[in-house]
Amino acid sequence: MCAGPAPRRGRAQADAGSHPRAVVASRDGTIVFVGDEAEWRRAGRLTADALVVDARGGAVVPGFVDAHTHVVFAGDRRDELRRRLTGATYAEIAAGGGGILSSVRATRAASDEQLVADTRHRLDEMLRCGTTTCEAKSGYALTLEGELKMLRALRQLAASHAMEIAPTFMGAHDVPVEYRDCRSRYIDLVIDEMIPAVKEQGLAEWCDVFCEDGVFSPDESRHILNAGRTHGMMLRIHADELGASGGSRVAAQLRVRSADHLIFVDEAGAEALAAAGVVATLLPSAAFYLKLGRFAPARMLIERGVAVAIATDVNPGGGFSPAMPFAIALACFGMGLTFEEALVGATLNGAYSIDRHALVGSLEPGKQMDAIVVDGPAIDLIRVGAETIAHVIKKGRLV
């Protein structure tokens, strides 16, 4: 059931709260009963038009909450994947005009309609893999109008797609080429024009920044995030992905909700995150596809009391899998988590990471009926490539 309170930390993250021979019932998309089948037969009643789904002895788990995606973009960077497979590094590809800036060129050129259609297809893929709620960022336009275009696309999709979307403004994803010689002017643009416009149009709940050597420094990141907070946005940060950049220290100092990636976080950084109540949203699929040679130290983070969430990092350059089950498998076999710790990270803790834990992330009365029916025991979800997901349910509707 992965029931709260959220988030789960330390030893508590290993308790997914399984309940054998259970029934889950909902009314108007909200769970009203979770309990023994015998109890349901004594006290439960169905409406005339009720939909009954027989799990056939398989597991039912909460719908996955993918707390870190860059699912909105245009263009195709699979040529970079081929280069990476011949030994090119992320930095080498970026220096040659690839990486984020390649997606920036394509996204700037894309029409609103193309951006929505392309993103809709990716959301469909994620939904089929069991994700029912996701976070999604701007950050592939790096102009005022382009960033607003991306966020408007998310708003349109949130109103028409089964996926529930938590929108994030990330104009601080990189410094565009035209500002490389005057980066302070771009930071001023983000703070003085982009953030107020996003706030005025009500387009984002979150503000994010890529705190990394060569991108935004800790001081620049603090400045941008404080501006986002001033304009009513909640905060998250890309931290310590490619090196010990200081992002985890910024996360702890500002008490952001989530610090993401954390491949190079050290023990002191972990203890600071724990003390500040920051969630560590880890992205093992990205580390895998970027061939970084290491994963975030999830075991160390849990042992130091940091709540760990798991996400896919769907993006055009390093997040090639839309599947939370693949991320869960990598969390288990690459980062040393138990299956139950990874499952809680992909549900309840992911929901807390995007401040949706009162609504989603667990199977308990009062929350949305977002669920996955597994064709077998829950641990079969790590059978990558097997058709283990029989049904996906969002707000009580079979989707």
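The values are calculated or read from the model by the stated rules, or taken from the named source; none is laboratory data. Here the structure is a predicted model, which means the values were calculated and not measured. Here Cβ is always computed from backbone atoms with ideal geometry, including for glycine, and neighbour counts include all displayed protein chains. Side chains included, ligands, DNA and RNA excluded: accessible areas come from the protein's heavy atoms. Shrake-Rupley method; radii C 1.70, N 1.55, O 1.52, S 1.80 Å.
Quick notes on this one:
- Length, then width, then depth: along the principal axes, the Cα atoms of the stretch 279-375 run 42, 32, 27 Å.
- The solvent-accessible area of HIS357, taken with every protein chain present and a 1.4 Å probe, is close to 50 Å².
- When each of LYS291/LYS395; LYS137/LYS394; LYS291/LYS394; LYS149/LYS394; LYS291/LYS367; LYS199/LYS291 is checked by Cα-Cα distance, pairs over 30 Å: LYS291/LYS395; LYS291/LYS394; LYS291/LYS367; LYS199/LYS291
- Here the stretch 220-298 is treated with +1 on each Lys and Arg Cβ and -1 on each Asp and Glu Cβ, and its dipole about the Cα centre works out to around 240 debye.
- Carbon/sulfur fraction of accessible area - the stretch 170-238, other protein chains in place, 1.4 Å, %: 46 percent
- Computed from label points 7 Å out along Cα-Cβ, the spacing between GLN114 and LEU144 is 2.4 nm.
- Computed [θ] at 222 nm, helices only, for the chain once each DSSP H run of length n ≥ 4 contributes -39500 (n - 2.57): -10500 deg cm²/dmol
- Secondary structure note: in the chain, about 40% of the DSSP beta bridges are antiparallel.
- The slack in the chain from ASP181 to ASP49, taken as 0.36 nm per residue of separation less the alpha-carbon distance, amounts to 41.1 nm.
- The stretch 196-291 - Debye-derived log10 I(q)/I(0), Cα point model, q = 0.15, 0.22 Å⁻¹: -0.55, -1.05
- Gain on full extension, evaluated as 0.36 nm per residue between ARG383 and ARG56 minus their Cα-Cα distance, stands at 115.8 nm.
- The chain: angle of helix 144-160 to the longest principal axis, Cα-based, in degrees nearest 10: 10 degrees
- Area of GLU220 that stays accessible when all protein chains are in place (1.4 Å probe, Å², to 10): 40 Å²
- Degrees between helix 100-109 axis and first principal axis of the chain (Cα, 0 to 90, nearest 10): 90 degrees
- Contact order normalised by residue count of the stretch 275-337, Cα under 8 Å, 6+ apart, percent: 41 percent
- Projecting the Cα atoms of VAL34, LEU273, ILE302 onto the charge dipole of the chain, computed from C-beta unit charges around the Cα centre, puts VAL34 farthest toward the positive end.
- Each residue of the stretch 286-299 was assigned a 3J(HN,Hα) from its phi angle through the Karplus expression (A = 6.51, B = -1.76, C = 1.60, θ = phi - 60°), giving 5, 4, 5, 6, 7, 6, 6, x, 7, 10, 4, x, 4, 4 Hz with x at Gly and Pro.
- Among (1) 234; (2) 127; (3) 138, the entry derived from the coordinates for volume of the Cα convex hull per residue in Å³: (2)
- Carbon plus sulfur fraction of accessible area for the stretch 40-124, probe 1.4 Å, in percent: 49 percent
- Dipole magnitude for the stretch 102-168: computed about the Cα centre from +1 point charges on Lys and Arg Cβ and -1 point charges on Asp and Glu Cβ, it is near 100 debye.
- Distant-in-sequence amide H partners of GLU135 (H built 1.01 Å from N, under 5 Å): ASP66, ALA67, HIS68, THR69, ALA166
- Note, ³J(HN,Hα) from phi for the stretch 55-61, Karplus 6.51, -1.76, 1.60, rounded to Hz, x at Gly and Pro: 6, 6, x, x, 8, 10, 10
- Each Lys and Arg contributes +1 and each Asp and Glu -1, all at the Cβ; summed about the Cα centre of the chain, the dipole is approximately 540 debye.
- Apportionment of accessible area to carbon and sulfur, the stretch 307-397, percent (1.4 Å): 53 percent
- Helix 324-333 vs. the chain, principal-axis angle (Cα, 0 to 90°, nearest 10): 80 degrees
- 1.4 Å probe accessible area per residue over the chain, in Å²: 41 Å²
- Estimated vicinal HN-Hα couplings, Hz - the stretch 8-14 in sequence order (Karplus 6.51, -1.76, 1.60; Gly, Pro = x): 8, 10, x, 4, 5, 5, 7
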